[in-house]
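Take a look at the structure set out below.
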Amino acid sequence: DTEVTQTPKHLVMGMTNKKSLKCEQHMGHRAMYWYKQKAKKPPELMFVYSYEKLSINESVPSRFSPECPNSSLLNLHLHALQPEDSALYLCASSQTGIYRYTFGSGTRLTVV
Amino acid sequence: SQQGEEDPQALSIQEGENATMNCSYKTSINNLQWYRQNSGRGLVHLILIRSNEREKHSGRLRVTLDTSKKSSSLLITASRAADTASYFCATGSFLPSGTYKYIFGTGTRLKVLA
């Protein structure tokens, strides 16, 4: 298995909703990442996990809450989002010490 | 911003023509990579060039790197409609945890007309 699987592919949520994005990989990668990408912009790093521990938080608002329950799974919990949080959310993984990611196909989030 | 700059921002060519996109970056690098993104979905790794390399080929792709000018170019030869996508250059650095942080360029949106 050489893929990163993200679910759901599309999500529409209200500003008072709570939802979660899921990312899964079975490549044995111990580094996992969340990126946010607005339309016609490059991806921007949000969070980095290394061996299931949060390594980097790029000053992301607390309405985004990451979780890494095990080495194969990465979640992004969403609460009280704003319309400007609408974007494509990309998950990626890599082997530690290796500078190449495998990206998932993303979750397109719309906040209404 | 630490982002690399890419130009052109958008490029439209006929099938069979060559497409060239350029990337400039700001810091010293160990390597530079190019990724492709179809229709706002996931990014796919295309090619990596190390800082001690000047040119690299992979199929119809040719990448050059000029570290003195802090620039790279990606050439796609004999383009096809299926090459329509956004292309991003990426540089990065290792973090203490052994993870790797990318900085992506601003991207070039390529449209190949059949």
- Query: What net charge is computed for the residues neighbouring A:LYS53, neighbours being all others with C-beta under 13 Å from the C-beta of A:LYS53, Lys and Arg scored +1, Asp and Glu -1?
  - Reply: -1
- Net length gained if the chain between B:SER12 and B:PHE94 were fully extended (0.36 nm per residue, minus Cα distance): 26.0 nm
- Using alpha carbons only, what's the Rg to Rh ratio of the stretch A:9-71 with Rh from Kirkwood? 0.97
- Task: Pop a pseudo-label 7 angstrom from the Cα along the beta-carbon direction at both B:ALA81 and A:MET15 and give the gap in nm to one decimal.
- Result: 4.3 nm
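Using a Förster radius of 22 Å, what is the FRET efficiency between B:ASN38 and B:THR67 based on their Cβ-Cβ separation? Nearest 0.05, please.
0.15
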- Task: Out of all DSSP beta bridges with both ends in the protein assembly as shown, state the antiparallel percent to the nearest 5.
- Result: 90 percent
- Item | Cleavage-rule hits (trypsin sites (Lys or Arg not before Pro)) in the stretch B:1-105: DSSP loop, at most 15 neighbouring Cβ within 10 angstrom | B:LYS26, B:ARG54, B:ARG60, B:LYS69, B:ARG80
- Query: Of the residues A:ALA80, A:ALA39, A:ALA31, which exhibits the maximal mean-square fluctuation in a Gaussian network model of chain A defined by a 10 Å Cα contact cut-off?
  - Reply: A:ALA39
- Evaluate the distance, in nm, between pseudo-label points positioned 7 Å from the Cα of A:GLN82 and of B:GLU55 along their respective Cα→Cβ axes. 4.9 nm
- Message: Per 0.36 nm of contour for each residue apart, how much would the distance between B:LEU113 and B:LYS101 grow if the chain were fully extended, relative to their Cα-Cα spacing?
- Response: 0.9 nm
- Convex hull over the alpha-carbon atoms of chain A: what's its volume per residue in Å³? 94 Å³
- Message: Show me you know the interface measure: the accessible area buried between B and A, both chains summed, probe 1.4 Å, in Å² to the nearest 100.
- Response: 2200 Å²
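The values are calculated or read from the model by the stated rules, or taken from the named source; none is laboratory data. These numbers were taken from a predicted model, which means no experiment stands behind them. Quick reminder, even Gly has a Cβ in these numbers, built from the backbone with ideal geometry, and neighbours come from all protein chains shown. Calculation scope for accessible area: heavy atoms of the full protein, side chains included, ligands and nucleic acids excluded. Shrake-Rupley method; radii C 1.70, N 1.55, O 1.52, S 1.80 Å.
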